[in-house]
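Input: a single structure, listed below in structure tokens.
The values are calculated or read from the model by the stated rules, or taken from the named source; none is laboratory data. This one's a predicted model, so the numbers in the text were calculated from it and none came from an experiment. Please note: Cβ atoms are built from the backbone with ideal geometry, for glycine as well, and neighbour counts cover all protein chains shown. Accessible surface is based on the protein model in full, side chains and every heavy atom, while ligands, DNA and RNA are left aside. Shrake-Rupley method; radii C 1.70, N 1.55, O 1.52, S 1.80 Å.
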Amino acid sequence: MRNLVKSENEFNGYLNILSNISVPFIILDENYYINKVNDATIKMLQNIYMKENVKCFNEKVEKILWFIKDEILNYKSNESLDFSFSKEIQIGPVNWRFYGQFLNLENTFILLLNYHLEKNDCMKKALQLSSIVNSSEDSIIATTLEGKIISWNKASEKIYGYTERKMLGKEISALDIWGSKERLSELLDTISLGKEIKSHEVKILNKDNEEIFLSLSITPIKDHIGNIIGACSIGRNITENKKLNQELYNSEKKFRSIYEQSPIGIELFDANGQALAANKSFCDMFKIDHISDFKSDNFFESPFISEKAKSMVRNKKNSRITCKYNLKDRSNSQTNKSGIYYFDILTTPILNEQGELASILSQVEDITKIKNVEKKVRNFTNLSDDVFCILSFDGDFLEVSPGLQKVLGWRKSEFIYKNFRDFVHQEDIEYSIDCSINLLKTGRKVFRNRYICKDGSYKWIEWNSFVVKEDMLIYSIGRDITKRMEDEEELRKAKIAAEEANSSKSNFLANMSHEIRTPINGIMGMTDLTLMTELNEEQREYLNMVKTSSQHLLDLINDILDISKIESGKFNIDLVPFNLQEKINKIGKNFSLLASKKFIEVLYFIDPRLTDINIIGDPIRLSQILMNLLNNALKFTEKGSIILCVKKIESSKAKIRVQFSVSDTGIGIAEDKMNKLFKTFSQVDDSYTKKYGGTGLGLAISKQLANMMNGDMWVTSKKDEGSCFYFTAEFLTTNDSTDCTLDITELGPNINVDNYSKTILIVEDNEINQQFISTLLYKKGYNYLNAFNGIEALKILDNQVVDLILMDIQMPELNGLNTTKAIRDYEKLTKKHIPIIAMTAYAMVGDKEKFLNSGMDDYISKPIDFKTLYSLLKKHLD
Ligand code: ADP
């Protein structure tokens, strides 16, 4: 070798080449420790050591290559330059032949070792076997008797998940190869005795820790002369089978538990109808302990099963029947003393693969309770006077209760399978069809129509119907409401009559008030005029008394009118803008004047938050309530003071809520009388009426007015100490800051020279009123003309120039509204506009819109207040 190699580097280069050659070579250091080997060496050693991983580096060479130990020692002792040898040796079952050569390279030795197998018969067989073994689906593993794995086929790799390379040489005990580690030595002992271990089931864990079930058998391996040298296990993977079996087992178990625990009774018969088995529910239902008590039962001979059901089962069809059983002897049930039970039995034929009847399955349900309930419900419907019906979606009667005959006289058979349209009154058919369409849409409907009776008469029926969609049925309960309909009709007529009477009462009151008011206006007007003339003290006193009495009479009539209007719902609250502070100041001032006569002090306070704001509401009605309360306070107070308070209690963007209170130090009201106060015509004490006068209407009206303004009225009082009346009212707020108060200029009796140029036409049928108004106009220096009805007025207008017309509304011949219309029509030609002021009775103030719509410019209510009249004239003439 040295001859061949020129340098160390060159040697190493060769060494690299040599490492790839197929002849094993081993480089040893001077102490004969192995320093380097090539791949061929490792392969050889693995073959010899039965594929055991050989750790050869830094080992004494004679230890690893024990089979050529003598040759190595021989070389070592001589260290001759070249030394070669040939040796045949049996290792395990195999005969090996080695051809070796030592090379000395200074302090390094190289051993080249060629080798081959001397194949004996046993070996050949083994090789044949190994190819079979590797193609097997079963795991085949061979071990030595000590338990070292010497063979590991492909199927083992697949099953256990470990490669052959990894497993060869390992102890069988290292892994759970044969199932249980504990039994391993016992297994190997058995094998070493030459006995087989028969196929048995073991559970192993594979590399991925999955459970695998194997059917495992182990047999001894013998050498060619029959010595037992190892064990061979064959394991078949039965995991899939196991799983299938388990599933089958589980499903069997499941069905069994369903069978056993089902609340439905289950009985099984053989093909001949002989009872085989029954579950617990079945035994419970029929009050038996065990199916053997029923064993004598034969499906086909049972008296309880109908012939039809039996023949259906024979013909391999399902049958469903309801059976009635008397179980009195068996049952001591408290709940069912009669012992009669009803069962719903569904029988199913079970066929074999050839389609022949193999067995019969009956499923039984105890429907005794349902049957009993059904019976009770039937009793209900049968006894009821209502008609219970079941209809198809097309409106055909499918079921009707006996109530039908009671109500309409028809027998059930005359009704059933007929359509409802055949019985409904001709006039109600269209409506009834609409109702049934609506019923199908909404699921529920109550409606009434007329049905023909057997005797040809009609009855009103009220139907309460509902739809049961899943059954496609309509359930309807019909009730005879003929009597109720007649009563309702009578009531309706009575109501119309009452309404008519009420409205004629209202008309009567309106007319009467007008009629009464006219003479009162006359009396008051004339009294006023007379009071303007020269009179002695006595005359003036009497006339003032006339005036006061007339005023009271007028107040009374106004009260009666108000209350009757409120009661008939014809009372409307006006919505006009006004200034609350100004209103209160005016009322306060006027009232102070009145009270001062009785030496009673009047104080009035207004919430600063309410000053300087305009609100929208009905100022006239507000004054009416306040004046009523103030007048009462004055009437029932002899000394002390009266306080009027106004305060804001709530406000939103668009609304404001105000509380008014009037307190006095008067006679007070006893607690038990207070609840009567706000009722019409009620006074606390009759004796007061005598002392104080009054109608008992004021508070009732006031409270109603407060209610109409979304408010309320109440009182707190103590007898002999005083009372405080409260009311609340709601107003709309307005941003409009224009002065809303009517500009009533105080017009004294001094005559205005300008007025002589103006001519006013007074259209009024009442002579006294004519005279009164004429005097008022005359006193102010106006020219005036008189017309006693519309026709006269139109005649005058044809010939005279008129600057303004004062027009009465109710007049004979041509009334005020129609006269105004005629004037306005005529003016369309002349293109002029004469202001017309309506003079309306108090009763008609509410009709203001009507007057203005008919073309009038303004209105003044009677009795005519001269100041108001003058201010209106000024307004329209200037
Ligand atoms: P009338 O016209 O009789 O005054 P009202 O309805 O205004 O009718 O009042 C009904 C009754 O309530 C009165 O008759 C009186 O008995 C009682 N009443 C009303 N206001 C007061 C008050 N301020 N003090 C004491 N009693 C009062």
> Does Ala277 qualify as being within 25 Å of Gly355 (Cβ to Cβ) and buried (at least 17 other Cβ atoms within 10 Å of the Cβ)?
Replying inline: no
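Per-residue answers, yes or no, for (1) closer than 14 Å to Phe660 by Cα; (2) of a type outside the set (Asp, Glu); (3) within 16 Å of the ligand (Cβ to nearest atom):
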site: Asp559; (1), (2), (3): no, no, yes
site: Asp562; (1), (2), (3): no, no, yes
site: Glu567; (1), (2), (3): no, no, yes
site: Phe571; (1), (2), (3): no, yes, no
site: Pro577; (1), (2), (3): no, yes, no
site: Ser596; (1), (2), (3): no, yes, no
site: Phe605; (1), (2), (3): yes, yes, no
site: Pro619; (1), (2), (3): yes, yes, no
>> Between a residue in the stretch 423-445 that is free of Cβ contacts under 8 Å to residues at least 24 places away in the same chain and any residue that is surrounded by 15 or more Cβ atoms within 10 Å (Cβ to Cβ) and part of a helix (DSSP H, G or I), which pairs come within a Cβ distance under 9 Å, given they are 6 or more apart or on different chains?
In response: Ser432/Phe420; Lys445/Cys435; Lys445/Ser436; Lys445/Leu439
> Do we find that Ile584 is away from the ligand (no atom under 16 Å from the Cβ), open to solvent by 70 Å² or more (accessible area, probe 1.4 Å), within 21 Å of Val715 (Cβ to Cβ) and not assigned by TED's automatic domain parsing to the domain that holds Ile523 in this structure?
Replying inline: no
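On the basis of being open to solvent by 70 Å² or more (accessible area, probe 1.4 Å), closer than 14 Å to Asn766 by Cα and part of a helix (DSSP H, G or I), does Ile516 make the cut? Before you say what the answer is, go through the steps one by one.
Values: open to solvent by 70 Å² or more (accessible area, probe 1.4 Å): no; closer than 14 Å to Asn766 by Cα: yes; part of a helix (DSSP H, G or I): yes.
For Ile516, the condition - open to solvent by 70 Å² or more (accessible area, probe 1.4 Å), closer than 14 Å to Asn766 by Cα and part of a helix (DSSP H, G or I) - is not met.
For Glu157, indicate whether it is open to solvent by 40 Å² or more (accessible area, probe 1.4 Å) and over 28 Å from Gln90 (Cβ atoms).
Numbers: open to solvent by 40 Å² or more (accessible area, probe 1.4 Å): yes; over 28 Å from Gln90 (Cβ atoms): yes.
Yes; evaluated as a whole, the condition is true for this residue.
Could you tell me which residue of the stretch 348-396 is farthest from Lys469 (Cα to Cα), considering only residues that are among the charged types (D, E, K, R) and touching a residue at least 60 places away in the same chain (Cβ under 8 Å)?
Step one: of the stretch 348-396, the residues among the charged types (D, E, K, R) are 353, 356, 365-366, 369, 371, 374-376, 378, 385-386, 394, 396.
Now narrow it down to the ones that are touching a residue at least 60 places away in the same chain (Cβ under 8 Å): 356, 365-366, 385-386.
Numbers: Glu356: 40, Glu365: 26, Asp366: 27, Asp385: 27, Asp386: 23 Å.
Once the filter is applied, the top-ranked residue is Glu356.
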> When you go through Lys69, Lys43 one by one, which is the residue that is at pLDDT below 85 and not aliphatic (A, V, I, L, M)?
Replying inline: Lys43
> Of the conditions (1) surrounded by 14 or more Cβ atoms within 10 Å (Cβ to Cβ); (2) at pLDDT below 90; (3) more than 9 Å from the ligand (Cβ to nearest atom), Lys653 fails just one. Which one is it?
Replying inline: (1)
>> Exactly one of these conditions fails for Arg236: (1) charged (D, E, K, R); (2) at pLDDT below 90; (3) surrounded by 13 or more Cβ atoms within 10 Å (Cβ to Cβ). Give me its number.
In response: (2)
> So which residues in the stretch 656-680 are within 12 Å of the ligand (Cβ to nearest atom), modelled with pLDDT of 90 or more and closer than 24 Å to Asn707 by Cβ?
Replying inline: Ser661, Val662, Ser663, Asp664, Ile669
> Conditions: (1) buried (at least 16 other Cβ atoms within 10 Å of the Cβ); (2) modelled with pLDDT of 85 or more. Tyr99 meets all but one. Number of the miss?
Replying inline: (1)
> Residue check, Glu399 against (1) touching a residue at least 24 places away in the same chain (Cβ under 8 Å); (2) acidic (Asp, Glu); (3) in a strand (DSSP E or B), all met but one. Which one?
Replying inline: (1)
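Please tell me if Lys119 is surrounded by fewer than 14 Cβ atoms within 10 Å (Cβ to Cβ) and either at pLDDT 90 or above or within 17 Å of Pro220 (Cα to Cα) (or both). If you could, list the steps in order and put the result at the bottom.
Details: surrounded by fewer than 14 Cβ atoms within 10 Å (Cβ to Cβ): yes; either at pLDDT 90 or above or within 17 Å of Pro220 (Cα to Cα) (or both): no.
It is false that Lys119 is surrounded by fewer than 14 Cβ atoms within 10 Å (Cβ to Cβ) and either at pLDDT 90 or above or within 17 Å of Pro220 (Cα to Cα) (or both).
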> What residue, of Ser651, Ser592, is of a type in the set (Gly, Ala, Ser) and within 26 Å of Lys718 (Cα to Cα)?
Replying inline: Ser592
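Of the residues Thr548, Thr533, which single one is free of Cβ contacts under 8 Å to residues at least 40 places away in the same chain and either of a type in the set (Asp, Glu) or outside any helix (DSSP H, G or I) (or both)?
Numbers: Thr548 fails: either of a type in the set (Asp, Glu) or outside any helix (DSSP H, G or I) (or both).
Being free of Cβ contacts under 8 Å to residues at least 40 places away in the same chain and either of a type in the set (Asp, Glu) or outside any helix (DSSP H, G or I) (or both) holds for just one of Thr548, Thr533, which is Thr533.
Select, from Phe67, Phe57, the only residue that is of a type in the set (A, V, I, L, M, F, W, C), within 26 Å of Glu171 (Cβ to Cβ) and open to solvent by 10 Å² or more (accessible area, probe 1.4 Å). Explain how you work it out, then say what you get.
Numbers: Phe67 fails: open to solvent by 10 Å² or more (accessible area, probe 1.4 Å).
Just one listed residue meets the conditions, Phe57.
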>> Quick check on this structure: which one of Lys181, Lys242 is assigned to a helix (DSSP H, G or I) and either surrounded by 12 or more Cβ atoms within 10 Å (Cβ to Cβ) or over 60 Å from the mean Cα position of the chain (by Cα) (or both)?
In response: Lys242
>> Need pairs with beta-carbon distance below 9 Å; first residue more than 18 Å from Phe286 (Cα to Cα) and within the stretch 253-274, second assigned to a helix (DSSP H, G or I) and not polar (S, T, N, Q); sequence gap 6+ or separate chains.
In response: Asn272/Phe299; Asn272/Phe300; Gly273/Phe299; Gly273/Phe300; Gly273/Glu301; Gly273/Lys310; Gly273/Val313
> For the stretch 633-649, which residues satisfy the criterion of being in a strand (DSSP E or B) and either crowded, with 18+ Cβ neighbours inside 10 Å or within 15 Å of the ligand (Cβ to nearest atom) (or both)?
Replying inline: Ser641, Ile642, Ile643, Leu644, Cys645, Val646
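Conditions (1) modelled with pLDDT under 90; (2) open to solvent by 60 Å² or more (accessible area, probe 1.4 Å); (3) not in a helix (DSSP H, G or I), marked per residue:
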site: Phe343; (1), (2), (3): no, no, yes
site: Thr347; (1), (2), (3): no, no, yes
site: Ile350; (1), (2), (3): no, yes, yes
site: Glu353; (1), (2), (3): yes, yes, yes
site: Ser359; (1), (2), (3): no, no, yes
site: Glu365; (1), (2), (3): no, yes, yes
site: Lys371; (1), (2), (3): yes, yes, no
site: Lys376; (1), (2), (3): yes, yes, no
site: Thr381; (1), (2), (3): yes, no, no
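Quick check on my filter: what residues within the stretch 303-319 are over 15 Å from Gly355 (Cβ atoms) and open to solvent by less than 90 Å² (accessible area, probe 1.4 Å)? Full working, then the answer.
Narrowing the stretch 303-319 to residues over 15 Å from Gly355 (Cβ atoms): 303-312, 318-319.
Ile305, Ser306, Ala309, Lys310, Ser311, Met312, Asn318, Ser319, listed by residue number.
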>> For the stretch 808-832, which positions are of a type outside the set (A, V, I, L, M), within 16 Å of Glu792 (Cβ to Cβ) and surrounded by 15 or more Cβ atoms within 10 Å (Cβ to Cβ)?
In response: Asp808, Gln810, Asn815, Gly816, Thr819, Thr820
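Report, by residue number, each residue of the stretch 404-422 that is under 14 Å from Lys454 (Cα atoms) and of a type outside the set (A, V, I, L, M). Break it down stepwise before answering.
Looking only at the stretch 404-422, we keep the residues that are under 14 Å from Lys454 (Cα atoms), and these are 404-415, 422.
Gln405, Lys406, Gly409, Trp410, Arg411, Lys412, Ser413, Glu414, Phe415, Asp422, listed by residue number.
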> So which residues in the stretch 429-456 are in contact with a helix residue (DSSP H, G or I) (Cβ under 9 Å, 6 or more places away or on another chain), of a type in the set (Ser, Thr, Tyr) and more than 18 Å from Ser392 (Cα to Cα), if there are any at all?
Replying inline: Tyr451
